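Everything below concerns the one structure shown next.
The values are calculated or read from the model by the stated rules, or taken from the named source; none is laboratory data. Please read these numbers as outputs of a predicted model, since none were measured by experiment. With ideal geometry, Cβ positions are generated from the backbone for all residues, glycine too; neighbour counts draw on all protein chains shown.
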Amino acid sequence: RCRRNLPEKIRIATVYYKPERRRSTLVPDFFVHETSHWLVFPHEIQGLTREEILAHKPVGPDFLDPLGSGVPAAS
């Protein structure tokens with residue numbers, strides 16, 4: 001039933017495209033940024049202490065400074 005409502009061609013769009021890390025044969029038709037760098041999204045650090053973020057995420061201390069006391073230190 002769903003196939004009757006599908007367009008003939010489906011296009012793929014994404015914000016970040018990492019061709020070297022691609023795990024699929026699909027290539028996006030549209031993308032905003034092409035990069036080989038590791039991406040760190042804000043939701044990936046939620047619930048981590050400042051020390052955990054600095055130890056396990058590829059960011060520097062300057063990345064955390066705008067957050068101020070919003071990132072707890074380890075107790």
Which residue is farthest from the chain's Cα centre (by Cα), if the candidates are limited to region 1-37 and must be farther than 26 Å from Val59 by Cβ and in a helix (DSSP H, G or I)? Arg4
For region 43-53, how many residues are surrounded by 13 or more Cβ atoms within 10 Å (Cβ to Cβ) and in a loop (DSSP other than H, G, I, E, B)? 3
Across (1) in a loop (DSSP other than H, G, I, E, B); (2) at pLDDT below 70; (3) hydrophobic (A, V, I, L, M, F, W, C), Val40 clears everything bar (2)
